[in-house]
């Protein structure tokens, strides 16, 4: 997970100096007197001195899917696709059992088998898709991108076309290619406009582009929230809390501290045990000068993350 430490520059308004005798000469010459300068704009709020900024973004959703239809056919040299699927599934089981070194060996074998299958039947879009998943599992992202592109350039049956585009976007994001990731997420939404997760991940990519595109990131997080209504299932609540959290981080990075406080309040409501969300909420309240609200979060953190509570206490204005 990447850490966003966005420094906020203070808005400095140059002092306007009016020379009385110059104004008098202008009036004498028949010129209109210069308009009086209005009050200076309010100083832009900034994070308290010594602050390390809002805590890091919550993670990207990477729910890869591997099609298993071919696994029902007999494995063996005559059917390299089924052999590859069987190897991959063995790797999944080993990974779940915590046997990561053995799992990696199976994933590598599956990758090689999928590559062989792709050479045997190069026009089979599903094999290219499976090959991309194997590469991505091994964190070989450039190769995964190439395989996913081969898959999406061919005809894939739903939902494989959706997953191929989604995984392609995630692979680009893993390499820091966030402009390309945004384009791929947009393709996912053209295929299925009602999905929340592509909006969520697109928000993270907009925020990671250099320079960050905060307005677009905020819009995508808000759309993800709209499409992901609050539900009773704990997993749904956690994802929604994470989306509010990232929305708050982005508002804070854009200097929109009132909006950040609202987003972090929602994140804490949905995930009360999230210490980072409480820390960020307190930091937003300190920046806004809301001492009682900030102190309430500090008190809560003293029970779970006393080190964060001490850090915030040092930032509180005397």
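All of the numbers you see were taken from the coordinates with simple rules; none came from a lab. Since the structure is predicted, the reported quantities are computational estimates derived from the model, not experimental observations.
The figures follow:
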| read-out | value |
| --- | --- |
| For the stretch 66-193, average projected area of the Cα convex hull in nm² | 7.7 |
| Extended-chain gain in nm, criterion 0.36 nm per residue less alpha-carbon gap, residue 307 and residue 96 | 72.6 nm |
| Gain on full stretching of the segment that runs from residue 219 to residue 46 - 0.36 nm per residue minus C-alpha separation | 60.0 nm |
| Centroid-to-centroid separation of the stretch 167-186 and the stretch 97-132 [C-alpha atoms, Å] | 22 |
